[in-house]
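Contents: one structure, followed by commentary.
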Amino acid sequence: MNTAETYSKKVGKQVFLNKEFSEKIRQTDEELWNAFKEGSLTAFKQIYEQNIQSLLNYGNSITSYRSIASDCVQDLFVELWKKRSKLGQVKHIKGYLFTCYKRRLLDSLRRQKKFRNIEYLSGFEILLSEPISTWTLDDDKKASLVSALNQLPYQVKEALYLRFYNDLPCAEIGNIMGIKTQSVYNLISTGLKSLRTALLDFLHF
C-alpha cells in the first residue's frame, strides 16, 4: 500500500516543494515536519520512506503477528496524513513515530487478545536484520551476537535495539519505553557490560 499516493487524490491542492526547498527540509526534522503539516506530499513521502522499514522491524521484534504489525504501520501513516494540520511540533521525527507506533501496536494486540503484558515482558526479540545483517562479520558471529542480545532482560535489549539499531537518542528512547532518560543510560550501560566481549569491536556508546 502506498499511503502517500492513496491520499494524494483526496487532499486537494498540495504544497509541493521546489528543488531548493527540498534540499532545505532535509537539514532538520523540524523543517521537514512543518512542511508535512502544511500539506507537502513530498515531505510526507520522505518521512514515510525514511522510517517505514525501521518501524516494521521494531513491530516484528515486539510481536510475531506480522500482519498486525504491518497494518498498524500503515494505519499510523494514514492517520498522520489525515490529522497533519492538527499535530503538534516535533523535533525528532523518528522518535515520535516509534512512540506513536508502539502505543498503537500494543493497543491493537490487546484488542485482538493477542497480547498480555507478561508476554511483552519476555517476548521482545532482536532479529537478524539491519544493521547487523550488513556488518562485516561471518554468519556464525552474527548469529552468536543476536543470541547473546536476546539473552538479556527485555528492557536492556530493547534499549540497545533502539539505540544501536535505530540510532535514537536516549531521551527519545525514554519516551518510547516510558522511562526516564537516566534509566535508559543505565540499561544501555548494563547491556554493554554484559556483552563486552561480543560487542567491543563494533559497537560504540
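The values are calculated or read from the model by the stated rules, or taken from the named source; none is laboratory data. These numbers come from a predicted model, not from an experiment. Please note: Cβ atoms are built from the backbone with ideal geometry, for glycine as well, and neighbour counts cover all protein chains shown.
Structure notes:
- Filtered residues of segment 146-168 (kept if in contact with a helix residue (DSSP H, G or I) (Cβ under 7 Å, 6 or more places away or on another chain) and closer than 24 Å to Gln50 by Cβ): Glu158, Ala159, Leu160, Tyr161, Leu162, Arg163, Asn166, Leu168
- Of the listed requirements (1) part of a helix (DSSP H, G or I); (2) surrounded by fewer than 19 Cβ atoms within 10 Å (Cβ to Cβ); (3) at pLDDT below 90, Ser183 misses just one: (3).
- Within segment 154-169, residues that are in the same structural domain as Ser183 (by TED's automatic domain parsing) and surrounded by fewer than 20 Cβ atoms within 10 Å (Cβ to Cβ) sit with their Cβ atoms under 9 Å from residues that are among the aromatic types (Phe, Trp, Tyr) and in a helix (DSSP H, G or I), at 6+ positions apart or across chains, in these pairs: Tyr154/Tyr120; Tyr165/Tyr58.
- Positions within segment 33-51 being touching a residue at least 24 places away in the same chain (Cβ under 8 Å), within 23 Å of Arg103 (Cα to Cα) and crowded, with 17+ Cβ neighbours inside 10 Å, in sequence order: Trp33, Phe36, Lys37, Phe44, Ile47, Tyr48, Asn51
- Of the residues making up segment 52-70, those that are among the aromatic types (Phe, Trp, Tyr) and buried (at least 19 other Cβ atoms within 10 Å of the Cβ) number 1.
- Verdict on Leu106 being closer than 25 Å to Leu32 by Cα and in contact (Cβ under 8 Å) with a residue 40 or more places away in the chain: no
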